[in-house]
Structures are given as structure tokens and as C-alpha cells.
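Notes for the one structure printed next.
The values are calculated or read from the model by the stated rules, or taken from the named source; none is laboratory data. The structure presented is a predicted model; accordingly, all values stated were derived computationally and were not measured. Note that we place each Cβ from the backbone using ideal geometry, even for glycine, and neighbour counts take in every protein chain shown. Note: accessible area is taken over every heavy atom of the protein model, side chains too, but ligands, DNA and RNA are not part of it. Shrake-Rupley method; radii C 1.70, N 1.55, O 1.52, S 1.80 Å.
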Amino acid sequence: MSLHQCLINTHIRNHAYVLSRRYVKGLNRPTAGIIVIGDEILKAQVKDTNSHYICNLLYKCGIQVKKISVISDDVEEISKEIKDASNKYTYVITSGGIGPTHDDVTYKGLAKAFNDKLHYHPKLVDIIKNHFMINDALSPVYKIAQIPEKASLKFGLNTNKPNSFPYITLENIYVFPGSPVFLEKSFQNLYEELLSTNKRFVKEEVFIDAREDLFANALSTVVKEFPNVSFGSYPVNNCRYFKAFVTIESDNENDTKRAKQRFYELNPADIFVNFDRTPHINCITKYNNFLQNCSHRPIYEQSLEKLRQFYQNPERVLIYFDSSMESSVVIHLAHICKTQLHSDNKLQVVYFKKEMPVDMEEFIKEMVDKYNLIMYTVETAVDNKINKIVQSHLRPTLLIGKVEESGESKINSNYNSMDNVNQLQIDNPLHNWTKKDVWTFASSLYLPCKLTA
């Protein structure tokens with residue numbers, strides 16, 4: 001490659017990087033700032049999941065999150081960050097620093113931000129005595145009851161629920177605990193109140209099998225033509241189905257749809273992908289639609305019928321998961337069976353950790369969430385855990401899905417070498433499938449899969 005071509009390619013890549021951020025404009029909506037408080041977050045001793053959870057629910061309320069800040073357990077810093085955010089955003093949500101230990105100083109920082117002082121709120125004292133059954137006023141737990149005098153308690157729409165610990169508000173500041181278990185339960189109360197505003201974003205996603213630079217001019221055009229619509233462009237590196245996606249959102253359905261239609265008109269029709277993020281929903285209808293248009297219909301029907309026989313006893317069926325497309329296909333077929341049989345049993349899946357690529361955590365979580373799986377993680381082939389699984393399932397069936405180009409099944413050494421392999425009935429419902437059959441099925445239904453699989 002010539003130096004000139006390298007420079008051009010570098011320019012295109014950099015231009016695409018800018019595109020993915022340039023078009024996200026602010027809508028005329030309520031705004032929010034999120035403040036995550038805790039040295040343990042900054043030291044990577046604890047992973048912050050609260051901000052993601054909060055952002056997700058605020059978006060559903062039509063509230064635009066403008067900033068997420070992570071700060072230390074320092075009264076001065078907390079005070080400054082709260083005061084600054086209070087002046088900028090409609091809502092300010094804080095997470096962390098309200099427990100019984102010495103470094104829980106969020107209430108002190110909140111009081112300082114509004115020239116207030118702390119006091120023991122009688123309602124919180126009463127909750128500690130009656131809910132936590134702690135009567136010793138010297139107990140560290142009573143620190144939780146010490147809040148700014150100007151602050152209020154909020155129990156959500158159902159006021160004073162007896163088994164609910166309130167969140168604290170002061171002006172436009174909403175204070176929540178740092179533990180995800182307690183935050184998620186408590187934040188639901190605020191979420192329910194915010195939902196009553198009836199303000200929502202109307203968003204569409206457009207999936208594109210082309211690089212960002214190839215549709216950049218069209219995107220620039222619709223941005224100018226629709227000033228009340230917000231656009232986002234995002235390249236994707238690890239997806240088999242598309243290379244980028246564009247989000248189009250506004251305050252109303254009409255503007256969003258008009259902007260989407262205009263974007264379609266400005267681009268070649270063949271770059272768009274009718275991608276489905278939820279293949280597991282309405283799976284029977286989608287499967288039947290697929291059968292209407294495929295040439296190898298019998299092999300798919302035979303495999304599904306075979307699985308249907310196994311899932312007459314669902315508690316005795318395990319699916320071997322190795323992140324391959326074939327294992328995703330088996331899980332999806334089993335999900336269809338489960339839906340057809342109206343079964344409440346969760347699909348049981350086992351995977352060997354040592355053979356999985358290091359970046360599989362998110363993909364595994366996606367599979368578990370989509371298909372509501374029970375996932376058994378096995379460290380080694382002779383792991384005690386797999387022995388317990390086998391013994392507890394009374395000679396279960398282990399479903400595998402690997403196929404070679406010839407169509408023959410591949411028996412993986414991990415389970416072939418297990419001490420208790422004789423107690424397993426191993427079956428491959430895809431034994432007469434080719435790689436092309438697998439790809440046709442997975443790509444037609446847009447099943448979850450990793451590019452590196």
C-alpha cells in the first residue's frame with residue numbers, strides 16, 4: 001500500500017470516529033447528572049453498575065443524562081460536585097457514601113453544598129429501631145439517620161411503605177445508596193414517579209452493512225434538514241450482521257419516522273440490514289416465516305422435532321455451549337421447543353471455562369438474559385461441579401452442535417474425556433447440518449453470535 005493511500009485510509013478512519021459522536025445533539029428535554037461517590041470505584045475495587053442502571057431507567061422516562069462523574073469520599077469534592085450539578089441539570093442523582101462507616105460522607109457533602117447541617121431524622125430513627133431492630137443509639141447504623149435538616153424523605157408513590165427504606169431529596173438532588181441491591185430497589189420508587197411526567201423519547205435504529213464514511217454525507221444532510229431530531233452513528237467491530245448502526249430520536253413519532261425515511265432515501269437500499277435485536281421474542285412466528293422461504297426445510301424441522309422429544313423431560317437436558325454459532329443455534333431451537341411446549345423450565349446450559357475466549361463475559365450474559373438460561377460454569381473436564389450435575393440429573397442428555405464441513409459432528413475432548421462421560425447421553429441435533437445450513441438459519445433469524453467464534 002502506498003504512503004498516499006495509507007494517509008487517505010487514516011483520514012477516513014479518523015473522520016468516521018468523529019462522525020460517531022458529532023450527531024448526538026441535545027433535545028429540549030429534562031436533563032440529569034449522575035454522581036457516583038466512592039474511593040472503591042476509583043481504585044477499581046468495585047465495579048460501578050449503578051450509573052448504567054440509572055441511565056437506562058432515566059432514558060425510559062424521557063430524561064437526558066448529560067454527565068456521569070465518579071468522585072472520591074471527600075466532603076469538599078462532594079459538596080462542589082453536587083452544587084455544580086444542581087445548577088446545570090433538572091435532576092441530580094447520587095450513588096454511594098451513605099452507610100454507617102467513617103468514609104460514608106455524602107450527607108455531610110450534601111449539607112455543605114446547601115449551607116445546611118445534619119440532624120437525626122425521627123422517621124429514619126424509627127425505621128432503624130423497628131425495621132432493623134437496633135435500639136442502641138451508639139450503633140454505627142444510626143449514622144444512616146443523620147441527614148441534612150432541609151432534606152426530605154421519599155417513599156415513592158406508595159407513601160410510607162412499611163418495608164421500604166426511603167431515598168433522600170434536597171432541592172433537585174436525589175440521594176441513593178451505593179450497593180446495587182439497595183439502589184435498584186430504592187431507585188424504582190423515583191422511576192415510577194418520573195414516569196408520570198409522560199415524556200418519552202421516540203427512537204429508531206437503522207442497521208447498516210457499510211463503513212461510516214460511505215453514509216456520512218447522507219447523515220450530514222438529514223442532520224441539517226431535521227434540527228429537532230438527534231442522530232447517533234456507531235461503528236461495530238464484532239458483529240457478523242452489520243458494520244454500523246444509526247440511532248434517530250426525537251420528541252415525537254412523526255419527526256423520527258420522517259427523518260428515518262429521508263435517511264433511507266439518501267442511501268443505496270442494499271446497505272441496510274433488517275436486523276432483529278430480539279430473535280427470542282415471538283420465536284415461533286419468526287421460525288415459521290423462515291421455513292416458508294428456505295430450501296432445506298426438512299433438516300430444520302427434523303432437528304426441532306428431535307429436540308421436542310428430549311424436552312418432554314426438560315430437567316434431564318443440558319446444552320453444551322462453546323460460544324460457536326452452532327451452540328447458539330441449539331439454544332435457539334431449544335427455546336422454540338420450550339415455547340411450543342409452554343414449559344416453565346429454564347434451559348440448562350454448561351460450558352467449560354478454559355476453552356472459552358477471554359472476551360466472552362458479555363456474550364454469555366447476553367445469552368443468559370435473552371434466553372433465561374441456567375448456566376453451569378465448569379473449570380475443568382474433571383471439575384466436581386460437572387460430576388454433581390450429571391449425578392443430579394439421572395443420566396441426562398448433553399446436546400452438542402459442532403459440525404465439520406462434511407456435516408459430521410465433532411465430539412469435543414472436554415466432555416469426551418470426563419470421568420463420568422458414560423453417565424451422559426450425548427446427542428447432536430445438528431448432525432446432518434452443514435456449515436451453510438447453520439449460517440442460513442442463524443443469519444436469517446439474527447441469532448446472537450461472536451465474530452471470533
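So that you can scan it fast, the table gives a plain yes or no per residue for (1) β-branched (Val, Ile, Thr); (2) touching a Cys at 6+ places or on another chain (Cβ under 9 Å); (3) closer than 30 Å to residue 260 by Cα:
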position: 119; (1), (2), (3): no, no, no
position: 123; (1), (2), (3): no, no, no
position: 134; (1), (2), (3): yes, no, no
position: 150; (1), (2), (3): no, no, no
position: 173; (1), (2), (3): yes, no, no
position: 183; (1), (2), (3): no, no, no
position: 208; (1), (2), (3): yes, no, yes
* Would you please name the residue that is farthest from residue 243 (Cα to Cα), looking only at residues in the stretch 170-228 that are of a type in the set (Asp, Glu) and in a helix (DSSP H, G or I)? => 193
* **Hits in the stretch 351-369 (condition: aliphatic (A, V, I, L, M) and either surrounded by fewer than 21 Cβ atoms within 10 Å (Cβ to Cβ) or not assigned by the TED database to the domain that holds residue 439 (or both))** => 356, 358, 360, 364, 368
* Of all the residues that make up the stretch 281-337, how many are among the basic types (Lys, Arg) and more than 21 Å from residue 427 (Cβ to Cβ)? -> 2
* Here is a list of conditions, (1) surrounded by fewer than 19 Cβ atoms within 10 Å (Cβ to Cβ); (2) of a type outside the set (Lys, Arg); (3) in the same structural domain as residue 307 (by the TED database); (4) modelled with pLDDT of 55 or more, and residue 451 meets all of them except one; can you say which number that is? -> (3)
* Single condition residue 191 does not satisfy, out of (1) open to solvent by less than 30 Å² (accessible area, probe 1.4 Å); (2) assigned by the TED database to the domain that holds residue 63; (3) not charged (D, E, K, R) -> (1)
* To do: Starting from the stretch 36-48, keep only residues that are assigned by the TED database to the domain that holds residue 176, then list their pairs with residues that are in a helix (DSSP H, G or I) whose Cβ atoms are within a distance under 6 Å, requiring at least 6 positions of separation or different chains.
  => 36/51; 37/106; 46/40; 48/41
* **One residue from 352, 363 being in contact with a helix residue (DSSP H, G or I) (Cβ under 7 Å, 6 or more places away or on another chain) and either over 15 Å from residue 397 (Cβ atoms) or not small (Gly, Ala, Ser) (or both)** => 352
* Test for residue 59: is it aromatic (Phe, Trp, Tyr), within 23 Å of residue 185 (Cβ to Cβ) and surrounded by fewer than 20 Cβ atoms within 10 Å (Cβ to Cβ) -> yes
* Structure fact -> Condition set open to solvent by less than 20 Å² (accessible area, probe 1.4 Å) and modelled with pLDDT under 95, scope the stretch 62-95, selection nearest to residue 204 (Cα to Cα): answer is 62
* Failed condition for residue 224, given (1) within 27 Å of residue 370 (Cα to Cα); (2) open to solvent by 40 Å² or more (accessible area, probe 1.4 Å); (3) of a type in the set (D, E, K, R) -> (1)
* Could you check the stretch 117-156 for strands (runs of 3 or more DSSP E) lying wholly inside it with 1 or more residues that are open to solvent by 20 Å² or more (accessible area, probe 1.4 Å), out of contact with any strand residue (DSSP E or B) (no Cβ under 6 Å at 6 or more places or on another chain) and within 21 Å of residue 97 (Cβ to Cβ)? => 118-120, 152-154
* Within the stretch 38-51, can one find any residue that is open to solvent by 20 Å² or more (accessible area, probe 1.4 Å), of a type in the set (Ser, Thr, Tyr), out of contact with any Asp or Glu (no Cβ under 8 Å at 6 or more places or on another chain) and under 22 Å from residue 252 (Cβ atoms)? -> no
